[in-house]
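The values are calculated or read from the model by the stated rules, or taken from the named source; none is laboratory data. What you are looking at is a predicted structure, and each value in this text was computed from that prediction instead of being measured. Here Cβ is always computed from backbone atoms with ideal geometry, including for glycine, and neighbour counts include all displayed protein chains. For accessibility, only protein heavy atoms count, side chains too; no ligands or nucleic acids. Shrake-Rupley method; radii C 1.70, N 1.55, O 1.52, S 1.80 Å.
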Amino acid sequence: MPVRPRTAAVVALALGALLLAGCGGSGDTQATPAPQAPTPGRTLTVVATTNVWGSVASAVAGPGVEVRSIIQDPAADPHSYESTPADAAAITNADLVVYNGGGYDEWVEQILDGDPALQGRAVEAFALRGDQAQENEHVWFDPTAVKGVVTQVADRLAAVEPAQADALRQRASTFSGRVDEEAARLAAIGQARPGSRVLATEPIAHYLLAGAGVADATPPAFSEAIENETDPPAATLAEANQLVGTRGVNALVFNPQTETPLTTGLRDAATGAGVPVVDVTETLPAGQDYLTWLGATRTELARALGAPA
């Protein structure tokens, strides 16, 4: 799945932020240094690119660790985020950085690539996905990737604070168990409603739909155009509108954070045809943690498809 293009301005800003933060890369291939023990009395810090990964990290880190999520606005499009010097400084000074990867938050990859010393303090979710051949970068709905991040966070923080290792790994085990429970509930949707098909305004729910056993009937050219922020061919758009207009799909998955006249038109067509619309966001709504959000999204999908919630 192609990722959204990033403008030169975004990359330049990320690199400029890196320089302003004083983190210069050496450019050699030296081994990644081991995590260093914190200064006594200093609070450990974890920086996550979005509040989705911040919530996951926080559940494992537990009390006494400061977790900061850079992107938190539920109305913002994380693909279009432009980093600031303060972001670069926070990442450089963090004990651990958790990011999505796969080109989703490329601005943080630019910062990390600028300083080899940061590599040993970073966890990339995309690299931990279950299907390594799958290029879809929206891995927060992939149980394998989420549990991989959980394990990595526990192990990395335990290396810095060995006295907390048992507690960290216990929290990681508990959280992973909850993720498995959600995955089982998700799989029950497809078991209850075999043959269900959906159309998506953006492929952010790929792993969610795969876990549910629900077919994504979105024309590939439509998904590719939306990911590349271009208009789909007229014939492809007509095909998508026909799918919802004739109830050729059981639901429409809609991302309200990347709303455009084209996608809202498709949503309106679905509503007019009586096709349920399932909102799927890329960041957590206010007041929700990762597991609550995952459960609410799974429940909405189940109800739209007429499956037990």
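Quick look at the numbers
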| quantity | calculated |
| --- | --- |
| Amide proton proximity set for residue 69, modelled H, under 5 Å, gap of 5+ | 48 |
| Euclidean distance of C-alpha centroids, region 43-116 and region 257-279, integer Å | 31 |
| In sequence order, calculated HN-Hα J values of region 59-65 (Karplus, 6.51, -1.76, 1.60; Hz; x Gly/Pro) | 4, 8, 5, x, x, x, 10 |
| Solvent-accessible surface (1.4 angstrom probe) belonging to residue 68, in square angstrom, nearest 10 | 90 |
| Accessible area expressed per residue, the chain, with surrounding protein chains retained (probe 1.4 Å, Å²) | 42 |
| Largest-first ellipsoid semi-axes for region 60-195, taking √(5λ) over the Cα gyration tensor eigenvalues, angstrom | 27, 21, 13 |
| Rg over Rh, two decimals, region 48-101 (C-alpha only, Kirkwood Rh) | 0.95 |
| Simple label model, 7 Å out from Cα along Cβ direction - residue 165 to residue 178, nm | 2.5 |
| Carbon/sulfur fraction of accessible area - region 135-248, other protein chains in place, 1.4 Å, % | 50 |
| Simple Cβ-charge dipole of region 178-228, Lys/Arg +1 and Asp/Glu -1, about Cα centre, in debye nearest 20 | 260 |
| Placed amide H near residue 280: partners under 5 Å, 5+ positions off or other chain | 254, 255 |
| Size of region 111-160 as Cα extents on the principal axes (Å, biggest first) | 29, 26, 14 |
| Region 163-309: equivalent-ellipsoid semi-axes (sqrt of 5 x gyration tensor eigenvalues, Cα, Å) | 31, 18, 13 |
| Placed amide H near residue 123: partners under 5 Å, 5+ positions off or other chain | 97, 98, 99 |
| Additional length obtainable on full extension of the chain from residue 273 to residue 241, 0.36 nm per residue less Cα span | 10.5 nm |
| The chain, helix-only ellipticity at 222 nm - DSSP H runs n ≥ 4, -39,500 (n - 2.57), divided by all residues, nearest 500 | -14500 deg cm²/dmol |
